[in-house]
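Asks: Have a look at the structure that comes next, please.
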Amino acid sequence: MQRDQLADFLRRRREAIRPAEVGIADGPRRRTAGLRREEVARLAGMSVDYVVRLEQGRSSQPSTQLLGALARALRLSDDERAHLFHLAGHQPPPADGVARMARAGLLRMLDLLGDTPALVLSDLGEVLAQNRASILVSGDHSGVTGDRRYLPYRWFTEPGSRGLCPPEDRADQGRKLVADLRATAGRRAGDPEVAGLIARLRAASPEFARLWAEHEVAVRRFDRKTLINPRVGPLVLDCETLVTPDQGQELVVLTPADAQTRERLELLLVLGTEEFPTGVTAE
């Protein structure tokens, strides 16, 4: 661990970010260049004291999970994130696989979308990042580990995960998840991560095995769906999907399809974050 270099890198990256880039208002009394330490701490979900100790070279070695949170908070590029891990004495996460993180450009787009619900997904349906509005609509998907981090796995192995989807739409939603996963499997032929997930799903869910055998293929780009939010009721949303050039990650943007949904979203944003059922599936 290169404490002095790590401290300097974190401090300089914090000072280089404009508050507006991460959705923070740049008020008239701001004197600090870039972000304040408490703002980085809030964005990364850690204590201000630990951020101070990191920037002063007095901290213990940060975990890979903590480094990932810092990389997201500071909107680091892929190269900058790898450098951060090296300075902290860890191997950087691979470009693909279980440690993959949302790309910096997609994170900035999440910030710019403001009160429009949006999330970043991997091509296997892992939620890599969400903005506040997305969390209010569909719950917080951070911190989910193992196969449960994949939306298709939760859909087919945990009946409770379908709670946001109206009963009459669930069969169609299941088919879409399988067809999208089939397209990923074709594109990433021979990838053990993909093959392993599919094998475990086929073993765990007869429903998935039946749909998989039908060999339907479809990459989702636009969809209209209804989500039953437990606090404000049905939300009819248009879902636009923007895919990265390598098709490894996608930004899903949810916009209200009618006036009633727009009003309910506005109410949800006013109500703010309260207790929300965990593990439900929005995609």
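Nothing in this text is a laboratory measurement; each read-out follows from the coordinates by a stated rule. Remember, predicted model here, so these are calculated numbers, not experimental data. FYI the Cβ positions are ideal-geometry reconstructions off the backbone, even for glycines, and counts take in every protein chain you see.
Asks: Efficiency by 1/(1 + (r/R0)^6): what FRET value for Arg31 and Asp111, r their Cβ-Cβ distance, R0 = 25 Å, to the nearest 0.05?
Replies: Values: r = 22 Å, r/R0 = 0.90.
E between Arg31 and Asp111, to the nearest 0.05, is 0.65.
Asks: A further question follows. Helix-only mean residue ellipticity at 222 nm, the chain, DSSP H runs n ≥ 4 weighted -39,500 (n - 2.57), per residue, nearest 500. What is it? Could you put the intermediate results ahead of the total?
Replies: Details: 12 runs with 126 residues, N = 283.
-13500 deg cm²/dmol, from helical runs alone.
Asks: Note down the net charge around Glu55, summing +1 for each Lys or Arg and -1 for each Asp or Glu among other residues with Cβ under 14 Å from its Cβ. Intermediate results must be reported in sequence, preceding the final value.
Replies: Numbers: positive: Arg3, Arg11, Arg12, Arg13, Arg14, Arg36, Arg37, Arg53, Arg58; negative: Asp4, Asp8, Glu15, Glu38, Glu39, Asp49.
With Lys, Arg at +1 and Asp, Glu at -1, the net is +3.
Asks: Starting from the eigenvalues of the Cα gyration tensor, five times each then square-rooted, give me the equivalent ellipsoid semi-axes of region 104-271, largest first, whole Å. Walk me through the numbers on the way to the answer.
Replies: Values: eigenvalues 142, 68, 40 Å².
Result for region 104-271: semi-axes of 27, 18, 14 Å.
Asks: Ok, one more. Report the full-extension gain for the segment Arg187 to Ala171: residue separation times 0.36 nm, less the Cα-Cα distance, to one decimal in nm. Before the final figure, lay out the partial values.
Replies: Values: separation 16, 0.36 × 16 = 5.76 nm, distance 2.49 nm.
Working it through step by step, the gained length comes to 3.3 nm.
Asks: May I pose another question? Determine, for Met101, Met1, the number of other Cβ atoms within 10 Å of each Cβ, and report the residues in order from fewest to most. Let's see the in-between values first.
Replies: Numbers: Met101 23, Met1 14.
Fewest-to-most Cβ neighbours within 10 Å comes out as Met1, Met101.
Asks: For the chain, find the longest principal axis of its Cα atoms and tell me its angle to the long axis of helix 78-87, 0 to 90°, nearest 10.
Replies: The helix 78-87 is inclined about 50 degrees to the chain.
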